[in-house]
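The values are calculated or read from the model by the stated rules, or taken from the named source; none is laboratory data. Fair warning: this is a prediction, and the values are worked out from it, not measured in the lab. FYI the Cβ positions are ideal-geometry reconstructions off the backbone, even for glycines, and counts take in every protein chain you see.
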Amino acid sequence: MAIIIDQSKRVLVQGITGREGQARTTLMREYGTNVVAGCTPGKGGGEVEGVPVLDTVAEAIQAVGHVDISVVFVPGRRVETAATEAIEAGVKLLVLVPDRVPVWDTMRIAAAAREHGAAFVGPNTLGVLSPGRAVVGMIGGRAVSAQQWFNEPIPRQTVGVISRSGGMTSSLGYYLSRAGVGLSTLVHVGGDSVVGLPIPDVAEMFQHDPETDAIVLFGEIGGTQEERLAELIRTGRITKPVIAYIGGAAAIEGTRFSHAGAIIEHGRGTHAAKVQALRDAGAAVVDDFGLLPQTTLDILANRSAPAARSSSAR
């Protein structure tokens, strides 16, 4: 299995006729994503990469049928309008790729999603990729890169990746793959201070995914996502091993590390607090990003060893 995206999900691209929309539609289709339609107001009637283009989300659904996920490629100031349109048309999951989305717009999107029983990844996300199955967003840049970089699931060596950094989502997946670790799904939750599916929510998805044996996290200073994950581990809601690295050790209060969501304010969201919370809960937190692959291999090996011994004993 995989979380969020696989080859069975029917995907709509909002803003498909723009430069990013066209380029990422090519990536998604070549990787195996089932892109069934796109929409751009005033551009209905055409095609992009063989995908029919409609004027609105409602018209697209009427033309092609059910849509599972909408991927949004429009300017930041227009994301709220596009997201609300998709939610009201009945789409239950959105991937909001653009950055520079006003935080109040994101909060209104969240309210609309709650009202309609929907959810969203992002904003300011590179997207989600399930190796060998499908991608929504722009992870990998090109299909050939994504196919070469990320290993498909391997029995007893498969992890889910969660990251607050777009670049580190790809880097972490790449280095884990080079070490021989299989990947179930890579999720960039988004770089803004308010996101739709934060780290704890994604971790719970991986907890219930039978194909994910452990969770590897790239966290950052700012906010409380990592501390909330630690609480899930501490209370037993997350029982799979969590291996983490927290970026921003050298950042001081009031400075921004990488992007808008990674800033220490009023003593909250510090590197030390996040590391301590995760370690106290039982997660393996490494001090050097380069240690993540080997630490992950060691933990997976220790986790599978009892099963192997039990099998040999029989």
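Structure data summary
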quantity: Residues being out of contact with any Cys (no Cβ under 9 Å at 6 or more places or on another chain), farther than 29 Å from Gln148 by Cβ and crowded, with 16+ Cβ neighbours inside 10 Å - total across segment 45-57; calculated: 1
quantity: Hey, Ala262 crowded, with 22+ Cβ neighbours inside 10 Å and at pLDDT below 80 or not; calculated: yes
quantity: Ala203, sole failed condition from (1) in a loop (DSSP other than H, G, I, E, B); (2) buried (at least 22 other Cβ atoms within 10 Å of the Cβ); (3) small (Gly, Ala, Ser); calculated: (1)
quantity: For Val144: the one exception among (1) β-branched (Val, Ile, Thr); (2) outside the structural domain of Leu291 (by TED's automatic domain parsing); (3) under 18 Å from the mean Cα position of the chain (by Cα); calculated: (3)
quantity: Among the candidates Gly38, Gly15, residue that is within 30 Å of Gln148 (Cβ to Cβ) and in contact with a Phe, Trp or Tyr (Cβ under 6 Å, 6 or more places away or on another chain); calculated: Gly15
quantity: Filter result (of a type outside the set (Gly, Ala, Ser), within 18 Å of Asp105 (Cβ to Cβ) and either surrounded by fewer than 19 Cβ atoms within 10 Å (Cβ to Cβ) or touching a residue at least 40 places away in the same chain (Cβ under 8 Å) (or both)) within segment 58-83; calculated: Val71, Val72, Phe73, Val74, Pro75, Arg77, Arg78, Val79, Thr81
quantity: Candidate set: segment 238-258, residues that are part of a loop (DSSP other than H, G, I, E, B) and in contact with a Phe, Trp or Tyr (Cβ under 8 Å, 6 or more places away or on another chain); chosen: the one modelled with the highest pLDDT; calculated: Lys240
quantity: Count of residues meeting criterion [within 13 Å of the chain's Cα centre (by Cα) and surrounded by fewer than 17 Cβ atoms within 10 Å (Cβ to Cβ)] in segment 108-141; calculated: 1
quantity: Residue among Gly42, Gly21 that is surrounded by fewer than 20 Cβ atoms within 10 Å (Cβ to Cβ) and at pLDDT 95 or above; calculated: Gly42
quantity: Qualifying residues in segment 118-152 (those that are free of Cβ contacts under 8 Å to residues at least 60 places away in the same chain, in a loop (DSSP other than H, G, I, E, B) and not charged (D, E, K, R)) - the one farthest from Val101 (Cα to Cα); calculated: Asn151
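For every residue, the table says whether it meets (1) within 21 Å of Arg114 (Cα to Cα); (2) not charged (D, E, K, R).
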residue: Val189; (1), (2): yes, yes
residue: Leu197; (1), (2): yes, yes
residue: Ala203; (1), (2): yes, yes
residue: Glu211; (1), (2): no, no
residue: Ala214; (1), (2): no, yes
residue: Leu217; (1), (2): no, yes
residue: Gly222; (1), (2): no, yes
